[in-house]
1. Can you give me the number of residues within the range A:41-66 that are part of a strand (DSSP E or B) and open to solvent by 90 Å² or more (accessible area, probe 1.4 Å)?
2. I need every pair where a residue in the range A:126-148 that is more than 16 Å from A:Leu171 (Cα to Cα) and more than 7 Å from chain B (Cβ to nearest Cβ) has its Cβ under 6 Å from the Cβ of a residue that is in a loop (DSSP other than H, G, I, E, B) and open to solvent by 10 Å² or more (accessible area, probe 1.4 Å), sequence separation at least 6 or different chains.
3. If you go through the range A:95-125 one residue at a time, how many are more than 8 Å from chain B (Cβ to nearest Cβ) and open to solvent by 70 Å² or more (accessible area, probe 1.4 Å)?
4. Can you find a residue that is more than 18 Å from the chain's Cα centre (by Cα) and aliphatic (A, V, I, L, M) anywhere in the range A:75-90?
5. Filter the range A:67-77 for residues that are open to solvent by less than 60 Å² (accessible area, probe 1.4 Å) and either at the interface with chain B (Cβ under 9 Å from one of its Cβ atoms) or assigned to a loop (DSSP other than H, G, I, E, B) (or both) and give the result.
6. Within the range B:149-175, track down each residue that is open to solvent by less than 90 Å² (accessible area, probe 1.4 Å), within 18 Å of the chain's Cα centre (by Cα) and within 11 Å of another protein chain (Cβ to nearest Cβ).
7. Of all residues being open to solvent by 20 Å² or more (accessible area, probe 1.4 Å) and hydrophobic (A, V, I, L, M, F, W, C) in the range B:79-94, which is farthest from A:Ser133 (Cα to Cα)? Just the residue, please.
8. Do we find that A:Thr31 is closer than 19 Å to A:Val137 by Cα and surrounded by fewer than 16 Cβ atoms within 10 Å (Cβ to Cβ) in this structure?
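The values are calculated or read from the model by the stated rules, or taken from the named source; none is laboratory data. Treat the numbers as computed from the prediction; the structure is a model and nothing was measured. Backbone-built Cβ (ideal geometry, glycine too); neighbour counts: all protein chains shown. These area figures cover heavy atoms from the full protein model, side chains too; ligands, DNA and RNA do not enter into them. Shrake-Rupley method; radii C 1.70, N 1.55, O 1.52, S 1.80 Å.
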There are 2 protein chains.
Amino acid sequence: MSYLGVGISPGNVAVYHGGKMKVVDRRLRLTELLLRCSVTALAFLGLILIVTDTQVKKIFTIEKRAKYTNMKSLVFLVVANGIAAVYSLLQSVRCVMGSMKGSVLFSKSLAWAIFSGDQAMAYMSVAAIAAASESGVIGIRGEEELQWMKVCNMFGKFCNRGAGGVASAMLASLAMVLVSCISAFSLFRLYGATTQRPPNLAVVK
Amino acid sequence: MSYLGVGISPGNVAVYHGGKMKVVDRRLRLTELLLRCSVTALAFLGLILIVTDTQVKKIFTIEKRAKYTNMKSLVFLVVANGIAAVYSLLQSVRCVMGSMKGSVLFSKSLAWAIFSGDQAMAYMSVAAIAAASESGVIGIRGEEELQWMKVCNMFGKFCNRGAGGVASAMLASLAMVLVSCISAFSLFRLYGATTQRPPNLAVVK
C-alpha cells in the first residue's frame, strides 16, 4: 500500500519515497523556519506595542493614566508573547542548524519534545489572545448589566494601539498553530509503517 | 529503518508492523471513542450548568438578576460548548460505526476533514474558556483601575455554579485537545513512508 497515494511502480517504492520525501522535507523545513521567524517577529512586535502603550487623561483635576498593567489579561498577553518570541527564536536557530547540517528529524524523543512545546505554545497564545480580546470587548462595549463601563471612549489612543498589539499577537498565534501542525506531521509520520508488503518485494528470511 | 523503533527481525518487518499496528489501532480507536464521549458529556454538563445558572438579589427596592447572558464571554462559552458537544457526539457515532465495521482510517481526505474539525474545536474550546475565565477573574477580583467592580461578592451562588460550568468545559476542552492529537496521529502517519530499504528485503524489478 502506498501511503503517498501516487501511482508508482511498487518496485521503486523505497527509492521513490526517498526522493519525494527529500523534496517534502526541504519545503517543510523552509516553511517551518519562515513561520517560526514570523512568530518571533510578530510576538515581539505585539509585546512592544502593548508594553509601550500608555495614555494620560485629565478628568477635572484628576490625572488618569491608562497602561497595560491596568488589565490583567494584557499582562498575561505580554508574558505569553515574550515566551512565544523567545521559544520561536530558539527553535528557529535549531531549524537553521538542522538545515545547514542537512539532517532530517528522525529522533522520536526530539520530535516529541518539539511537538509538545509547539502544542503548549499554540494553545497558550490562543488562550492569551482570547482573554485579551474579552477584556478589549468589555473596554469597547462595556458590560452594562454588570456596570463594567466602556473605557475606550475615554482612552481611544490607548485602545487603538492595544488593538494593534493584539492583532500582531493574533497573527503570531496563527503562525504558531500552523507550526504546531508541521511538528505534528514531523512527529507522527515517524509512526507511519507499511502494513502490507509491496507485491514485488520478496522477503528474504 | 524501523519507524516503530523496536528490535525486530527485518525479514518480518511487514508482518510485525501489521500486527503491532492492529493493536495500536484498536487501543487508539477505544481511547478516541472514550475521549469523544467525555467531550460530549462534559461540554453538555458545562452548558447546562451555565444556562441554568441564575441568582436574584434585592438591593434596597431594586431587584437584580444575575444570569449568563449578562456576560458575553459566557454566551460564547455556551455556544462553543453546544457546538463541541454536538460535533463530538457525531464523531463518537462515526467511531462506533468504524469499530463495528473493524475498519482502519486510511482515507486521507476523511483523515484531513477529521483533523481540521478537531483542531478547530480544540482551539475554539480553549479560546472560549480563556475568555470566560478572564470575565470570571474580573468578576471575582475586579479591575480596580478601570472601575470594573467585583460582582462575585454580591452574586456568590451564581459565580460558584458558573465556575463549575467553566471547570466542566475546561475538562471537555482538555479531552478535545487530546482527541486533536489522536486525529493528527491518524492523519500524519498516513504520510510515513520508509525512506530506506530494510537490509534483507530484495527489490525485484
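1. Number satisfying all stated conditions: 4.
2. Between residues of the range A:126-148 that are more than 16 Å from A:Leu171 (Cα to Cα) and more than 7 Å from chain B (Cβ to nearest Cβ) and residues that are in a loop (DSSP other than H, G, I, E, B) and open to solvent by 10 Å² or more (accessible area, probe 1.4 Å), the close pairs are A:Gly139/A:Val151; A:Gly139/A:Cys152; A:Ile140/A:Cys152; A:Gly142/A:Met149; A:Gly142/A:Lys150.
3. The qualifying residues number 6.
4. Looking for residues that are more than 18 Å from the chain's Cα centre (by Cα) and aliphatic (A, V, I, L, M), one finds at least one in the range A:75-90, hence yes.
5. Answer for the range A:67-77, where residues must be open to solvent by less than 60 Å² (accessible area, probe 1.4 Å) and either at the interface with chain B (Cβ under 9 Å from one of its Cβ atoms) or assigned to a loop (DSSP other than H, G, I, E, B) (or both): A:Asn70, A:Met71, A:Ser73.
6. Within the range B:149-175, B:Ser173 is the sole residue that qualifies.
7. Looking at residues that are open to solvent by 20 Å² or more (accessible area, probe 1.4 Å) and hydrophobic (A, V, I, L, M, F, W, C), I get B:Val93.
8. Taking the combined requirement at face value, the residue does not satisfy it.
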